[in-house]
1. State all residues of segment 98-151 that are surrounded by fewer than 18 Cβ atoms within 10 Å (Cβ to Cβ) and touching a His at 6+ places or on another chain (Cβ under 9 Å); if no residue qualifies, say none.
2. Of the conditions (1) modelled with pLDDT of 95 or more; (2) part of a loop (DSSP other than H, G, I, E, B), Gly234 satisfies every one except a single condition; which number is it?
3. Does Lys264 satisfy being over 19 Å from the mean Cα position of the chain (by Cα), modelled with pLDDT of 95 or more, farther than 29 Å from Gln98 by Cβ and basic (Lys, Arg)?
4. Got a sec? Which of Gly76, Gly86, Gly71 is farther than 22 Å from Thr141 by Cα, without any contact (Cβ under 8 Å) to a residue 40 or more places away in the chain and outside any helix (DSSP H, G or I)?
5. Can you confirm whether segment 194-201 contains a residue that is surrounded by 18 or more Cβ atoms within 10 Å (Cβ to Cβ) and within 12 Å of ligand 1 (Cβ to nearest atom)?
6. Scan segment 122-151 residue by residue and report those that are among the charged types (D, E, K, R) and within 24 Å of Leu61 (Cβ to Cβ).
Amino acid sequence: MKCKTCGEKAAINMRQHKLALCKEHYLSWIPAQAQRFIAKYKMFSPEDKILVAISGGKDSLALWDILIKLGYQADGLYIGLGIDGGFGYSDKSLHFCQRFADRRGLKMIVVDVAETYGSSIPELNSKTPRGKDKPCAVCGTSKRNLMNRVAREGNYDVLATGHNLDDEAAVLFGNTLNWLDNYLLRQGPVLEAEHSGLVRKVKPLFRFYEREMAAYALLKGIDYIYDECPHSEGAKTIYYKEILNQLESNRPGTKLIFYLNFLKAKERGVFAEPEIRKEEMKACESCGQPTMAPHKCAFCRLVENT
Ligand code: Q46
Ligand code: ZN
Ligand code: ZN
């Protein structure tokens with residue numbers, strides 16, 4: 001297989017795009033594509049201050065790398081969840097993020113949940129009525145609150161996350177199987193702030209396959225944590241990813257078509273907009289962030305319960 005641009009030996013063959021590229025041309029193709037998507041979906045401009053949520057995994061570190069290469073002002077945000085899993089998952093992931101930032105002289109903000117709020121995510125979870133379940137619901141609530149808070153306090157214009165096409169297609173698959181129209185309505189590469197206290201969220205990698213991001217990180221020499229969070233094991237999204245991979249291997253491009261046609265259907269107004277939102281949100285009595293709850297937001301109730 002030869003590179004389509006220079007005819008040298010290809011480093012990657014992307015059947016879904018009918019495109020093979022060598023290392024050099026792949027490493028310039030990915031940022032150029034990312035820039036095309038950033039512009040097409042009006043994610044942000046060079047004047048905007050971007051906060052990138054980083055986990056130490058390949059996607060978020062590749063995203064940060066690409067944004068810096070494209071000349072954007074992007075700082076990193078690492079949230080220390082205090083997840084051990086028997087091999088120090090959180091400590092390890094912090095180490096990869098810190099090394100990435102230090103080597104490139106980038107600004108990284110670290111919020112350690114246990115240091116700031118007195119309990120780690122598994123500890124906060126153990127004190128809830130469903131404390132024996134996985135901590136993912138508590139983790140999600142906490143991450144959303146903290147990402148928004150840091151972005152607002154630091155005057156960032158936009159929060160960028162490293163979700164790739166496989167992540168997005170798997171979530172879409174689950175939302176569609178269960179016909180969760182409220183979730184479908186709020187799924188997309190750009191989530192506008194529904195309230196002045198919320199920051200815009202964007203997913204610049206949403207059109208890249210997971211495999212393309214792994215290849216980018218590898219060829220670019222980005223060191224990242226290979227281990228997944230121990231609580232991700234057995235998650236439904238992993239099962240959905242496997243099913244989508246089977247479909248993809250028979251018909252390359254299936255995931256991309258599934259997701260892009262969903263976005264088109266949304267644009268055509270297939271999903272009705274609910275009447276609620278903006279006006280009904282109030283400031284949390286504790287942290288001041290917008291919430292639909294009557295007094296305190298879900299995160300403050302979690303933290304104050306302990
Ligand atoms: S939610 Fe659950 Fe993830 Fe949090 S506890 Fe781990 S698997 S990190 S995206
Ligand atoms: Zn080439
Ligand atoms: Zn709050």
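The values are calculated or read from the model by the stated rules, or taken from the named source; none is laboratory data. Since this is a predicted model, take the numbers as computed values, not measurements. Note that each Cβ is placed from the backbone with ideal geometry, even for glycine, and that neighbours are counted across all protein chains shown.
1. Those that are surrounded by fewer than 18 Cβ atoms within 10 Å (Cβ to Cβ) and touching a His at 6+ places or on another chain (Cβ under 9 Å): Lys134, Cys136.
2. Single failed check for Gly234: (1).
3. For Lys264, the condition - over 19 Å from the mean Cα position of the chain (by Cα), modelled with pLDDT of 95 or more, farther than 29 Å from Gln98 by Cβ and basic (Lys, Arg) - is met.
4. Testing whether each residue is farther than 22 Å from Thr141 by Cα, without any contact (Cβ under 8 Å) to a residue 40 or more places away in the chain and outside any helix (DSSP H, G or I) leaves just Gly71.
5. Checked against the condition, which is being surrounded by 18 or more Cβ atoms within 10 Å (Cβ to Cβ) and within 12 Å of ligand 1 (Cβ to nearest atom), segment 194-201 yields no hits at all.
6. Those that are among the charged types (D, E, K, R) and within 24 Å of Leu61 (Cβ to Cβ): Lys143, Arg144, Arg149.
This table checks each residue for (1) on the phi < 0 side of the Ramachandran plot; (2) part of a loop (DSSP other than H, G, I, E, B).
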site	(1), (2)
Ala151	yes, no
His163	yes, yes
Val171	yes, no
Thr176	yes, no
Trp179	no, yes
Leu205	yes, yes
Phe208	yes, yes
Met213	yes, no
